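Heads up, the thing below is written out as structure tokens.
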Amino acid sequence: MIVKSLDMIVGSPDDVKAETWTSRRLLLAKDRVGFSMHDTIMYQGTETFMWYKHHIEAVYCIEGEGELEELESGTRYLIRAGTLYTLNGHEKHIMRPKTDMRMICVFNPPVTGQETHDENGVYPLLTEPNS
């Protein structure tokens, strides 16, 4: 059984900060549960381009409001508390928070916690060594 609190993550190496977001990695590949789970804050007035080429991501917004743009079609979606979106087609997308947004994100395959978006918005596919 794994039991963690957000207080345990904040300020630890699993509290990853970037220019437009902070991701508190609750579960990672090292936990060996088949997915990773993050409590992520995206900052008001920013714009983040992402493309999860190697991962499926499901995102559930629990606070705030923003616009998600799926780049291939140009379709824009209002994302606010209570909204779920899943990038099951590896869609290239941009998130534009109108307010600070807090999301619960799940990745499959799980991330290790060391990933950062590259110049194409992609997380590399990293794995944990077998233990």
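The values are calculated or read from the model by the stated rules, or taken from the named source; none is laboratory data. The structure displayed is predicted, hence computed values, not measured ones. Here Cβ is always computed from backbone atoms with ideal geometry, including for glycine, and neighbour counts include all displayed protein chains.
Just a yes or no: is a residue in region 22-35 at pLDDT 95 or above, part of a helix (DSSP H, G or I) and not charged (D, E, K, R)?
no
Thr46: among the polar types (S, T, N, Q), at pLDDT 95 or above and assigned to a strand (DSSP E or B), yes or no?
no
Mind checking which residues of region 88-101 are part of a loop (DSSP other than H, G, I, E, B) and touching a residue at least 24 places away in the same chain (Cβ under 8 Å)?
The answer is Asn88, His90, Glu91, Lys98, Thr99, Asp100.
Residue by residue, here is whether (1) free of Cβ contacts under 8 Å to residues at least 60 places away in the same chain; (2) crowded, with 17+ Cβ neighbours inside 10 Å holds:
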| residue | (1), (2) |
| --- | --- |
| Ser23 | no, yes |
| Phe35 | no, yes |
| Asp39 | no, yes |
| Gln44 | yes, no |
| His55 | no, yes |
| Glu63 | yes, no |
| Glu69 | yes, yes |
| Ile79 | yes, yes |
| Thr86 | yes, no |
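Give the residue that is farthest from the chain's Cα centre (by Cα), with candidates limited to residues of region 1-21 that are touching a residue at least 12 places away in the same chain (Cβ under 8 Å) and assigned to a loop (DSSP other than H, G, I, E, B).
The qualifying residue farthest from the chain's Cα centre (by Cα) is Ile2.
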